[in-house]
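Undergrad: The following block contains the structure, expressed as structure tokens.
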Amino acid sequence: MKKNTLLIKNAALLVTMDGHRREINDGGLYIVDGIITQVGKTMDLPQSADEVIDLTGHIVLPGLINTHHHFYQTLTRVVPGAQDANLFNWLKTLYPIWAKMSPEDIYISTKTALAELALSGCTTASDHLYLFPNGSKLDDEIAAAQEMGLRIHASRGSMSLGESKGGLPPDSVVDSEEEILKDSQRLIEQFHQDQPGAMVRIVLAPCSPFSVTGDLMRQSAKLARQYGVQLHTHLAETQDEEAFCLEKFGYRPLGYMQSLDWVGNDVWFAHSVHINSDEVQIYANEGCGVAHCPSSNMRLASGIAPISEYMAAGVKVGLGVDGSASNDGSHMLAEARQAMLLARLQAGLKGASLSGNDAPKLLTARESLALATIGGASVLGREDLGSLEPGKCADFIAIDLNRLDYTGALVDPLAALVFCHPQRVDWNFVHGKAIVKNGELTTLDLAPHIQQHNSAAKRLLQDY
């Protein structure tokens, strides 16, 4: 069978994110059936292919990887009652609205979120869907993602601990634990792909310590390890959560996870803001990953995660835009910028009076982009993604440097992507297929979709 070949040539700068962090001037890629076979200077690559794309004047880098999101929340951005609330009150405002969602709402919102992500440079996204009202299923999200052409780690979330049993969510949005486990097994068997280059992977993801029972956490971990899939949940996001765990379980959030066998290389936690130094070391020793969501943490006034401490300890860290009702957007390049700026603010607050060799080290633009690429791949357990090197999937993005926003940034265009105002990408390839071409989505007609999405949102928000 004839193989499909793709040649990318003449990139002003090709950023590999490989082990040597090579940055290649006048770089290019040679791709066969969606897999990178050669990386280097254009002159050293084959000069012909089935498709040849000249990216003169562009910077090329690995596709960005989003490690935490809630796609459905694109339908409930900036709801007035939740605009200025902390996490627990924000949730209580939004739960009743989310309870009205339909399967079509899940499908539509997934396409909206993935469109935003693709245009911002994302090629792989992990989503956490944890409520399934009115017959909704994770299948609805997976179907939309397959049509959009992005890779997805679809997390089968769950809530079983309603208000009547001492939990935070109303009983109308929780499910029985028997049904949750049964559906989790079905989804793994029906959709999960183990092989390199997988477009769909299933994750088991009970929502949080305040919305599920310890027994469901244990049973989910047992099921996930039986099938070899990853585990994910929110953890240590707020001080309210810490107080809840101490009162209900007698543990800090991470200690509670340890008691439930919820630590290891197959586990990653969203947020992990309120974690002390001893717990950082536990993350490192156990191999737990962290989805850092700076915009959401700022929006909800949750705090600042100790990212520099995580990185120094060798903890796996990726970036997440989080839900579009607590970020209120899905822009991965913007999240990389936010991560850099917030880490610098934290460093300044800790060492504001120091100078010279004693001054705190600042997170660099390259380190922030590493979190968004190779870091995210590590968190999601994807050895086939995150860098541009032979044998890896051809997931990459390109941005035209000849635009107003980058004028004057001639010396270091890579840093300009993070320091300057975040831009949309001009090209986005997933497994060698163009999802964004010359700044336009190839897998979704945006104009009618926006109308459809707004119609769905209007129905959900008719009481506002």
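Undergrad: Could you list which residues have their amide H under 5 Å from that of GLY439, counting only those 5 or more apart in sequence or on another chain, with H placed in the peptide plane?
TA: TRP427
Undergrad: Could you point to the label whose value was computed as semi-axes √(5λ) of the Cα gyration tensor in Å for the structure here, given (i) 35, 26, 21; (ii) 28, 26, 25; (iii) 35, 29, 21?
TA: Answer label, from the structure shown: (i).
Undergrad: Given only helices, namely DSSP H runs of n ≥ 4 each adding -39500 (n - 2.57), what is the per-residue ellipticity at 222 nm of the chain, to the nearest 500 deg cm²/dmol?
TA: -10500 deg cm²/dmol
Undergrad: A follow-up question, please. Could you let me know the centre-to-centre spacing of segment 98-115 and segment 439-464, using Cα atoms, in angstrom?
TA: That distance is 10 Å.
Undergrad: Another question, if that's okay. Can you give the % of DSSP beta bridges in the chain that are antiparallel, to the nearest 5?
TA: 45 percent
Undergrad: How do LEU161, LEU371, LEU131 line up, fewest other C-beta atoms within 10 Å first?
TA: Numbers: LEU161 25, LEU371 29, LEU131 22.
In order of increasing Cβ crowding within 10 Å: LEU131, LEU161, LEU371.
Undergrad: Go through THR74, ILE188, ASN276 and say which Cα lies farthest out towards the positive end of the charge dipole of segment 64-379; charges sit on Cβ, +1 for Lys and Arg, -1 for Asp and Glu.
TA: Working it through, the farthest residue towards the positive pole turns out to be ASN276.
Undergrad: Got a sec? How would VAL425, VAL418, VAL32 order by Cβ neighbour count within 10 Å, fewest to most?
TA: Details: VAL425 27, VAL418 23, VAL32 16.
By the 10 Å Cβ count, ascending: VAL32, VAL418, VAL425.
Undergrad: For segment 1-57, which trypsin sites (Lys or Arg not before Pro) pass both filters: DSSP loop (anything but H, G, I, E, B) and at most 12 other C-beta atoms within 10 Å?
TA: Passing sites in segment 1-57 are LYS2, LYS3, ARG21.
Undergrad: Under 29 Å Cα-Cα from LYS361, which lysines qualify once same-chain neighbours fewer than 8 residues away are excluded?
TA: LYS316, LYS350
Undergrad: Now for a separate question. Suppose R0 equals 25 Å. What FRET efficiency, 1/(1 + (r/R0)^6) with r the Cβ-Cβ distance, do MET1 and GLU383 give to the nearest 0.05?
TA: 0.45
Undergrad: Got the relative contact order for the chain handy, in percent, Cα pairs under 8 Å and 6 or more residues apart?
TA: With pairs under 8 Å counted, the relative contact order is 20 percent.
Undergrad: Turning to a different aspect of this structure: Taking the alpha-carbon centroid of each part, what is the distance from segment 264-298 to segment 310-372 in angstrom?
TA: A separation of 14 Å, based on Cα centres.
Undergrad: Moving to a separate point now. Could you work out how far apart the two model spin labels at GLU247 and PHE88 are, taking each label as a point 7 Å from the Cα in the direction of the beta carbon, and quote it in nm?
TA: 0.5 nm
Undergrad: List TYR251, TYR107 from most exposed to least, where exposure is judged by having the fewest other Cβ atoms within 10 Å.
TA: Going from least to most buried by this count: TYR251, TYR107.
Undergrad: With θ taken as phi - 60° and the coefficients 6.51, -1.76 and 1.60, list the Karplus ³J(HN,Hα) couplings across segment 311-326 in order, rounded to whole Hz; mark glycine and proline as x.
TA: My calculation for segment 311-326 gives 5, 5, 7, x, 6, 5, 10, x, 10, x, 7, 6, x, 7, 10, 10 Hz in order.
Undergrad: Next question, about the same structure. Return the long-range amide H neighbours of VAL317 (sequence gap of 5 or more, or a different chain), with a cut-off of under 5 Å between placed amide H atoms.
TA: VAL290
Bear in mind that the values in this text are calculations on the coordinates, not laboratory data. Being a predicted model, the structure only gives us computed values, none of them experimental. A quick note on method: Cβ atoms are made from the backbone with ideal geometry, for glycine too, and the neighbour counts reach across all protein chains shown.
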